[in-house]
1. Summing Lys, Arg as +1 and Asp, Glu as -1, what charge do residues with Cβ under 14 Å from the Cβ of Ser6 carry, Ser6 excluded?
2. Could you give the dipole magnitude of the range 1-160 about its Cα centre, charging the beta-carbon of Lys and Arg +1 and that of Asp and Glu -1, in debye to the nearest 20?
3. In whole percent, what relative contact order does the chain give with Cα contacts below 8 Å and a gap of six or more residues?
4. Would you compute, from DSSP H runs of 4+ residues alone, the mean residue ellipticity of the chain at 222 nm, taking -39500 (n - 2.57) per run and dividing by the full residue count, rounded to the nearest 500?
5. Quick one: what does P(r) look like for the chain with 5 Å bins over all Cα pairs, in whole %?
6. Per-residue counts of other Cβ atoms within 10 Å, averaged by peptide: what ranking do you get for 88-97, 131-140, 183-192, highest first?
7. Rounded to the nearest 0.05, what FRET efficiency do Lys105 and Lys129 have when you use their Cβ-Cβ distance and R0 = 45 Å?
8. Just the ratio, please: alpha-carbon radius of gyration of the range 5-133 over 2.2 N^0.38 Å, N its number of residues.
Amino acid sequence: MEWDQSFSIGCDIVDSQHKELICLVDQLESSLENRLVPQQLGAALKFIVNYTRHHFSAEEAFMETIGFDELENHKKLHNNLIKEVTDILLSLKHGENLNSEDLVKFLVDWVLKHVQEEDQKIGIFARKKKHLAEQSECKLKAVNSRRQLILTRLEKLKGLFKQKLIEIEDFKEQKVKTLANMLKELGLNQLRAGFDDLDYFLSQDVICKNERKAIVVAFLQKSDLQKGLSEIIEIEDKLLYLRSFHEFEMITDNKFDSLKAEILDTVC
Ligand SMILES: [Fe+2]
C-alpha cells in the first residue's frame, strides 16, 4: 500500500507521519521473508510502537485543535492498539513463542485499516470545518464591504452638508433613502441581513432609533406585502417581513393574524 493524497487529513505533520508509518509496516511485512528471530521481531515492533505512540499524540493534538467530534472514541482506538502491542512485546520479552507472521499481519492490517478508514473521518471533518470557516469569512467580507459602501455614501452626503451645498433636511432625507435602498438591493430573502446592518449602524450612532424606523417604513411602503410574501423562501424571513408591517402599524391586527396563520399553515 502506498500513501496518496486521498489519505490526507489536512495536517501536514500527521500526513507525513502516516506516510512514514505505512512505509514502516511495509518494511516489517517484507522482513518476514527473512525469518526474524524473536529479538529482531521484538526490536522492529518496539520501534513501530514508539513511532506510533509519538504519531498518535500528534494526531490527537490535531483532532483537539479542529474540535473533532469523535475524539474520545478515536483516542480509545489508539489506546487499544498500544495496549495490545505492548502486551505482545511483554510476551516476547518473557520468551513466549509467538507466531511472527500472525503478529506482523495483525499490526499491518490494523495500521492500514486505521489510516484508510478511521483517520479519514478526521480528514472529512477537517475539510468540512475549513469549508465552513471559508464560507463565513467570505460572508463577513461581504457584510463589511456592504457596510463600508454605505458609510462612504453617507460621508459624501455629510461633506455636501458641511460645504453648505445641501440643507440638514436634505441630508436626513437622503440618509433614509440610501439605507432604504440598501434593504431593497439586498432583497426580501436577505431582510435579516439588512436589519442586522441597520442595528449595526444604530450601535455605531450612524443612525438613531427614529431614523431606523423611517428607513424600514420607507422600504416597506414601496413593497407589496402579498407579492413579497410569495417571493420569500424561508418561513423566518416571511414572518419577519410580516411582523415589520405590523410593528409599524402598516397593516391591521386582523390582517396580521390571518397572514400569520397562512404562513404557519405551510409549516404543517
Ligand atoms: Fe488515528
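Every number in this text was worked out from the coordinates using simple rules, so none of it is lab data. In this text the structure is predicted, and so the values were computed from the model without any measurement. Every residue, glycine as well, gets a Cβ built from its backbone with ideal geometry; the counts of neighbours run over all protein chains shown.
1. Net local charge, Ser6 excluded: -2.
2. Around 1480 debye, computed over the range 1-160.
3. Once normalised by length, the contact order is 16 percent.
4. That comes out to -26500 deg cm²/dmol.
5. Computed distribution, short to long bins: 1, 5, 10, 10, 9, 7, 6, 6, 5, 5, 6, 6, 6, 5, 5, 3, 3, 1, 0, 0.
6. Per-residue mean Cβ counts within 10 Å order the peptides as 183-192, 88-97, 131-140.
7. E(calc), rounded to 0.05, equals 0.80.
8. 1.14
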